[in-house]
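Only the coordinates and a few stated rules stand behind these numbers; no lab work does. If you're wondering where the values come from, they're calculated on a predicted model, not measured in any experiment. Methodologically, a virtual Cβ is constructed for each residue, glycine included, from the backbone with ideal geometry; neighbour enumeration extends over all protein chains shown.
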Amino acid sequence: MQGAANSVLNWFAGVTRYTYGNILTYVEINNSCECVVGWSNDNGTLNAIMLPATWVTNGQTYISLTSTFDDVVRIQGTPIKYSYSAWQGHHLVYDNIGLTYVEVSGATGLVTGWSNDNKSLKLAP
């Protein structure tokens, strides 16, 4: 568990944002399903971990346009920032600036693009 939030905001479209420590460290909860739809762990204090589904074992060691959401999580690990929306899909950020990220379609579950600004993504050769 994360503990008491510094602030709680009714953010937008039925989402509540809980901030911890500073405004750049937060968790967003969808009020209707009571599920996490986003977070930012800029100061490294969130108890956040993202794990791939246990049945995902295609053996890829790199990310490509045929990779799934679970492949990305298995290959890259828990992102620093994460967001999901039905119209934009999954956005997994792997740096504090937001320039190294992977986009995954909410409809197909497949990677649709990425930016590898800090060269930390394990991409297909």
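Per-structure values
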{"item": "Per DSSP, loop GluC sites (Glu not before Pro) in the stretch 1-107 with at most 14 further Cβ within 10 Å", "result": "E34"}
{"item": "Nearest-20 debye value, the chain charge dipole, Cβ charges on Lys, Arg, Asp, Glu", "result": "100"}
{"item": "Sum of -39500 (n - 2.57) over DSSP H runs of 4+, divided by residues of the chain (222 nm, nearest 500)", "result": "-1500 deg cm²/dmol"}
{"item": "Most to least packed among 60-73, 106-119 [average Cβ atoms within 10 Å]", "result": "60-73, 106-119"}
{"item": "Per-pair calculated FRET efficiency, R0 = 30 Å: N30 and A4 via Cβ, rounded to 0.05", "result": "0.90"}
